[in-house]
Amino acid sequence: MLNKIHDKFVPILNQVIARNNGEKEFHQAIHEVLGSLGHVISRHPEYAESALIERLCEPERQIIFRVPWIDDQGDVHINRGFRVQFNSALGPYKGGLRFHPTVNVGIIKFLGFEQTFKNALTGMSIGGGKGGSDFNPRGYSDREIMRFCQSFMTELHRHIGEYIDVPAGDIGVGGREIGYLFGQFKRLTNRYGAGVITGKGLLYGGSQVRTEATGYGAVYFVERMLATKGYGFDGRRAVVSGSGNVAIYTIQKLISLGAKVVACSDSDGYIIDEDGIDIDLVREIKEKQRGRIKEYIEQKGKSVRYVENSSIWHIPCDIAMPSAIQNELTGDDARTLVKNGLIAVGEGANMPSTPEAINIFQEAGILFAPGKAANAGGVATSALEMQQNASRDSWTFEETENRLAKIMHGIHDLCYETAEEYGVPGDYVKGANIAGFLRVAKAMHALGVI
Ligand code: NDP
């Protein structure tokens, strides 16, 4: 169920659908943004001139390449690598790399499109891009992961650079993979060009708080959103999907601010712990042992349940923070959450709620923070990492976290105020889309038809 869009944008959407056949996530992302722009164009007709919106929907460059690599048995595998350089009106392309079997060019385009608006919301000089591979890292040894990353970078390195395109991590790409990717870049170019990739380890040019930034940032956003209604986290019951980078630091920050997180998941199932998730144990299992979330019950015993083939969103909670993957929270899930007394949703993942789910939340008056605003803390801290690399400086954890909190509060206020200004108070989806669009459109308008 998709929202109606202004008549003016129908031919644009039709062209996107015809030109990007079958790429349904990309169509969905474009549809959502176009659905927010009706009000803007009546106030700013100049942004509909010179095919600006059509240009915004077409990536500047799409690179697809072969990634051959050899496993520990000596067998050769071929994966497909992608980098979509979506929009550089505001700065060098910036966005993560995703290694996951579901990756295809449509997924990378949807992520690159979303990233363009997200990066604009941060107010920093970064354009939008995204990349990755259909490689499934699950079950491979460290050496295999290293060989894959080296082969991937052997092609990617020609297309990136501090002033061109700066990748980072995403699903399946964490600190280990960033290390191997940067190592190969350094070897191929014979330069210690730390500003070419973010999410690096602290010993080789990384920033404090980058690991925690997306999760912490999402919680800061939700904290500010709750405050608009006079609510806080104290004593609230929360559910967070996933148990990867974003989920772990979302849970950690929620707990530190007084919430009780009762469930988290991976793609096999979820755990529910009524005593509150033991985040140190989750980190031990997921970050150190690279294990599965069901191992949590082996360590915690009977008070914990592990459930397969069922939706985590059927667990009653006040606050839901989907932090795994796109379209993981459906209309049915949304109805159940609302019935169970939900007050707020903060999207840690990119586009995790389906359009139907978003409609249900908004019609029920639930506070809803869309991913492109709520999870911008990761890329914002990546931009802080770039700043530190450029000035050969490094800031303390406290200083960097203070900057992150300030950026997230600023993004919240921008979305909130933009929604008010455009006559849709409390609609953070439209607020984020309009505010992000205005920044990108202004820059594109100034730069001419390129
Ligand atoms: P990770 O690879 O660290 O973790 C992903 C987690 O999601 C894993 O626990 C994975 O489980 C789980 N997962 C994947 N598919 C499903 C599914 N179908 N159902 C339930 N769980 C699933 O990735 P990140 O934490 O980095 O990314 C999570 C989301 O946040 C993505 O949407 C990403 O685009 C977004 N994001 C990430 C940022 C970052 O800085 N890392 C920045 C902004 C957004 P399993 O191990 O079984 O696959």
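Filter segment 280-309 for residues that are modelled with pLDDT of 95 or more and hydroxyl-bearing (Ser, Thr, Tyr) and give the result.
Within segment 280-309, Tyr296, Tyr306 qualify.
For segment 188-215, which residues satisfy the criterion of being among the β-branched types (Val, Ile, Thr) and away from the ligand (no atom under 16 Å from the Cβ)?
Across segment 188-215, the qualifying residues are Thr189, Val196.
Quick check: anything in segment 356-364 farther than 19 Å from Leu254 by Cβ and touching a Leu at 6+ places or on another chain (Cβ under 6 Å)?
yes
Which one is farthest from the ligand (Cβ to nearest atom) among residues in segment 249-270 that are crowded, with 24+ Cβ neighbours inside 10 Å and among the β-branched types (Val, Ile, Thr)?
Val261
Out of all the residues in segment 144-174, which are open to solvent by 50 Å² or more (accessible area, probe 1.4 Å) and either acidic (Asp, Glu) or within 15 Å of the ligand (Cβ to nearest atom) (or both)?
Residue satisfying the conditions is Glu162 alone.
Search segment 135-154 for residues that are without any contact (Cβ under 8 Å) to a residue 60 or more places away in the chain and pair each with any residue that is of a type in the set (Val, Ile, Thr) and assigned to a helix (DSSP H, G or I) when their beta-carbon atoms are under 9 Å apart and the residues are at least 6 apart or on different chains.
Filtered contacts from segment 135-154: Pro137/Ile145; Cys149/Ile178.
When you scan segment 57-71, do you find a residue that is closer than 17 Å to Cys149 by Cα and either among the basic types (Lys, Arg) or within 20 Å of the chain's Cα centre (by Cα) (or both), even just one?
Scanning segment 57-71, I find at least one residue that is closer than 17 Å to Cys149 by Cα and either among the basic types (Lys, Arg) or within 20 Å of the chain's Cα centre (by Cα) (or both), so the answer is yes.
Is it fair to say Ile107 is among the β-branched types (Val, Ile, Thr) and out of contact with any strand residue (DSSP E or B) (no Cβ under 7 Å at 6 or more places or on another chain)?
yes
(1) among the small types (Gly, Ala, Ser); (2) out of contact with any Asp or Glu (no Cβ under 6 Å at 6 or more places or on another chain); (3) part of a strand (DSSP E or B): which one isn't true of Gly129, the others all being true?
Going through (1) among the small types (Gly, Ala, Ser); (2) out of contact with any Asp or Glu (no Cβ under 6 Å at 6 or more places or on another chain); (3) part of a strand (DSSP E or B) one by one, Gly129 breaks only (2).
So which residues in segment 383-423 are among the polar types (S, T, N, Q) and either in a loop (DSSP other than H, G, I, E, B) or without any contact (Cβ under 8 Å) to a residue 24 or more places away in the chain (or both), if there are any at all?
Correct list: Gln387, Ser391, Ser394, Thr396, Asn402, Thr418.
Taking Ile107 as the residue in question, decide whether it is in a helix (DSSP H, G or I), aliphatic (A, V, I, L, M) and modelled with pLDDT of 95 or more.
In short, yes.
With respect to Ala48, determine if the residue is open to solvent by less than 80 Å² (accessible area, probe 1.4 Å), free of Cβ contacts under 8 Å to residues at least 60 places away in the same chain and closer than 25 Å to Glu421 by Cα.
Answer is yes for this residue.
For segment 216-233, which positions are among the hydroxyl-bearing types (Ser, Thr, Tyr) and within 15 Å of the ligand (Cβ to nearest atom)?
Tyr216, Tyr220
In segment 99-130, which residues are within 12 Å of the ligand (Cβ to nearest atom), more than 18 Å from Thr381 (Cβ to Cβ) and not hydrophobic (A, V, I, L, M, F, W, C)?
His100, Pro101, Thr102, Gly112
The values are calculated or read from the model by the stated rules, or taken from the named source; none is laboratory data. This is a predicted model, so every value here is computed, not measured. Cβ sites come from the backbone with ideal geometry, for glycine too, and all protein chains shown count toward neighbours. Accessible surface areas use protein heavy atoms only, side chains included; no ligands, DNA or RNA. Shrake-Rupley method; radii C 1.70, N 1.55, O 1.52, S 1.80 Å.
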